[in-house]
Amino acid sequence: MKRFAFIAAAAATGAFAASAGEMVAFSDIDTNADGQVTEAEFTAYKTADGEVTEAEAAEKFAKIDADFDGVVTEAEMTAAMEAWKEEKADMDVDVEIDTEPDSGY
């Protein structure tokens with residue numbers, strides 16, 4: 001029996017990108033260019049394509065707002081994205097595949 005290890009990081013990263021949104025420039029979300037993203041700015045950005053609900057956007061915003069001050073700085077957003085990347089990378093999966101014919105035993 002041969003063992004093949006498949007790293008699911010690429011798939012998890014792709015799924016993460018879809019759920020978290022693409023890696024966008026902070027300035028794309030900070031529409032008034034004040035250096036902070038409000039929940040309203042974040043929600044407007046996340047819900048623009050119709051794939052994320054306002055409730056989902058609010059939940060994600062709360063996770064990013066590390067100091068709970070109601071705004072997200074570029075540093076908070078960067079830290080959150082790095083943490084999510086690490087979390088997804090930790091989800092590597094080894095899959096065992098039997099490449100020999102079944103002997104019946």
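Just so it is clear, none of the values below were taken in a lab; they were calculated from the coordinates. Given the structure is predicted, the values throughout are model-derived calculations rather than measurements. Here Cβ is always computed from backbone atoms with ideal geometry, including for glycine, and neighbour counts include all displayed protein chains.
Tabulated results
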{"item": "³J(HN,Hα), Karplus 6.51/-1.76/1.60, whole Hz, each residue of region 32-43, x for Gly, Pro", "result": "9, 6, 9, x, 9, 9, 7, 4, 5, 4, 4, 5"}
{"item": "Virtual spin-label span in nm between GLN36 and ASP90, 7 Å along Cα→Cβ", "result": "3.0 nm"}
{"item": "Surrounding net charge for GLU82, when Lys and Arg each add one and Asp and Glu each subtract one, Cβ distance under 15 Å", "result": "-2"}
